[in-house]
Amino acid sequence: MQFHWLNKQNNDRLIIFFTGWSFDYKPFEFIKCENFDVLMVYDYNNFEIPVIPEYKEYFLISWSMGVYAAYILKDKLPEFSKKIAINGTPYPVDDEYGIPAKPFLLTLRHAKQGLEEKFYQNIFAKTEEYNRYISTAVERSIENRVTELNSLYEKIKNTRLSYDKYYDKALISTNDKIIPTQNQINFWKNNAVIEMLEAGHFPYYNFKSWNEILCK
């Protein structure tokens with residue numbers, strides 16, 4: 001995994017943000033950090049996490065595949081005052097609770113082509129959002145992102161996971177083209193407070209600050 005400080009100003013409160021597959025920090029730099037330090041976690045080619053610095057209070061925000069990654073690493077993370085899952089579940093490849101196996105395996109098989117073509121367009125609900133993303137697009141190599149998806153799938157296949165209630169709230173987009181909205185609802189309806197968002201898989205242009213996400 002890679003780590004990037006979106007903000008490090010010796011604030012008392014730290015947000016740890018686990019992003020989704022194939023992303024890095026570039027598309028998130030516009031979000032105001034205000035009086036939070038924000039540490040971003042991305043690139044799940046491995047699952048090694050560093051020692052987290054000491055803060056008075058911690059918050060977890062995870063998105064897409066990051067919902068799974070944060071959950072399987074929970075014993076190595078600090079105690080959080082609030083834990084939010086955005087457009088993801090702890091069962092990321094699952095016919096009922098995540099991405100159905102058949103389309104996921106197609107994505108895996110054609111990952112390079114998808115990243116070069118329509119994958120990022122499908123992340124967004126609107127063309128203007130995709131066009132905005134292009135100006136701050138992910139900078140990681142396609143090869144690195146392809147191996148990441150393979151690493152994630154190997155981890156998912158080889159990890160026996162039994163979910164005990166961890167996340168407090170799930171934000172679910174009504175127009176998610178990556179992880180079916182209904183599958184997310186199927187999982188979270190018995191496991192967290194749900195709030196629906198009028199957005200696509202990448203809902204962040206709906207927010208101005210990390211605190212706004214925490215207060216949803």
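A short reminder: the numbers here are calculations on the coordinates, not readings from a lab. Keep in mind it's a predicted model, so treat the numbers as computed, not measured. Don't worry about glycine lacking a Cβ; one is built from the backbone with ideal geometry, like all the others, and counts go over all protein chains shown.
A Cβ-based charge dipole, computed about the Cα centre of the chain with Lys and Arg at +1 and Asp and Glu at -1, lands at about 240 debye.
For the range 86-145, the list of trypsin sites (Lys or Arg not before Pro) that fall in a loop by DSSP and count at most 14 other C-beta atoms within 10 angstrom reads Lys118, Lys126. Taking amide H as placed 1.01 Å from N in the peptide plane, Ser173 has its amide H under 5 Å from the amide H of Asn87, Leu197, each at least 5 places away in sequence or on another chain. Both radii were evaluated on the Cα set of the range 2-214; the Rg over Rh quotient, with Rh as the Kirkwood radius, amounts to 0.93.
With both residues required to sit in the range 2-214, DSSP beta bridges show an antiparallel share near 15%.
Amide hydrogen proximity for Ile194: with H placed 1.01 Å from N in the peptide plane, the residues at 5 or more positions away or on another chain lying under 5 Å are Ala170. Restriction of the GluC sites (Glu not before Pro) in the range 32-124 to DSSP coil positions whose beta-carbon has at most 16 other beta-carbons within 10 angstrom yields Glu34, Glu48, Glu54, Glu79, Glu96, Glu117. Mean residue ellipticity at 222 nm, helices only, the chain: -8500 deg cm²/dmol; runs of at least 4 DSSP H residues each add -39,500 (n - 2.57), and the sum is divided by the number of residues. Applying both filters, DSSP loop and at most 10 other Cβ atoms within 10 Å, to the GluC sites (Glu not before Pro) of the range 120-216 gives Glu139, Glu198.
Counted by neighbouring Cβ atoms within 10 Å, the residues Ser64, Ser173, Ser135, Ser81 run from fewest to most as Ser135, Ser81, Ser173, Ser64. Each Cα pair under 8 Å and six or more residues apart adds its separation to the average, and for the chain the resulting relative contact order is 24 percent. Amide H to amide H distances under 5 Å link Trp5 with Met40, where only residues 5 or more positions off or on other chains count and H is placed in the peptide plane. Rounded, prolate or oblate for the range 150-216? Axes are the square roots of the Cα gyration tensor eigenvalues, ordered a ≥ b ≥ c, and the cut-off for rounded is a/c under 1.5. Verdict is prolate for the range 150-216. The string of couplings for the range 166-175 from the Karplus curve (6.51, -1.76, 1.60, θ = phi - 60°) is 10, 6, 8, 9, 10, 9, 10, 7, 6, 10 Hz, one whole number per residue in order, with x for Gly and Pro.
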